[in-house]
Amino acid sequence: MNAGPGRAFGLLAAVLALFAIAAHAADIRDTIARVKPSIVAVGTFERTRSPQFEFRGTGFAVGDGTTIVTNAHVLPGVLDAANEESIAILLPGPGNDTSQARMAKRVAIDASSDLALLKIDGAPLPPLKLRDSDTVREGQYVLMTGFPIGAVLGPFPATHRGMISAITPIAIPQGNAAELKSAVVRRLTAGSFKVFQLDATAYPGNSGSPIYDPDTGEVIGIVNMVLVKGTKEAALTHPSGITYAVPSIHLEELLGSAKLAK
């Protein structure tokens, strides 16, 4: 029996759709390959310690390539001066086979958005571009690259895919005084702002990871596993698997106040 032009058209459309999916997958692979050289592990370095590098979180290069973005809570409050402990980053080597530690110093911190900027020694890294986070819409897909459980799994950047599930206030006023935990009070006092809620799971070590556009690699937010979750989920005994990210507009403001190129 003749299938007719309708069925032929349907088969053609299905084949074209498969080609489009394959092409998009290839584009994502290319984007990840471009982004990974900009991703670094953030921690501290002490020459007499074993291991010398102590992992604390993720960071990424922006601006001129010597500026590293991470979460403020990733950085240690106090360094062991007696043992010459310093802030450092770890660069995965070619093929992730070897790693290189480079010294860094704090240049700017914004406690209200839990963001920090570091300056590193040596040659610049490929910087990631920022996108205006006001253009982000619920339902769009994003990628996240960082070091989940990096202290255990090692300095091997991993990428996860997710979706912007919601754009919500960082803190919501509670129904009664008994529910006003200290973290919520601090956030409400400092002033609320919108954050991205993701359906991708971030793990300890992902703090400071960029979330970015799968097509362009442009950064639209920074994963935060402490400030946001501690505020929004203060009433929970066991934190949920929800991941949050601070919009890139707060990073742009910090870069501007520090007079560093975006």
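Since every read-out is calculated from the coordinates, none of them should be taken as a lab result. Only a predicted model underlies this, so the values are computations on that prediction, with no experimental measurement involved. Here the Cβ positions follow ideal geometry from the backbone for every residue, glycine too, while neighbour counts run over all protein chains shown.
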For LYS259 paired with ILE167, estimate the spin-label separation in nm (one decimal), with each label point 7 Å from Cα along the Cα-to-Cβ line. 3.3 nm
At what distance in nm do the modelled label points of GLU54 and ASP121 sit from each other, each positioned 7 Å from its Cα along Cα→Cβ? 2.0 nm
Quick one: MET144, MET103, fewest Cβ neighbours within 10 Å first, how do they rank? MET103, MET144
Extending each Cα 7 Å along its Cβ direction at GLU252 and ASP134, get the distance between those two points in nm, one decimal. 0.7 nm
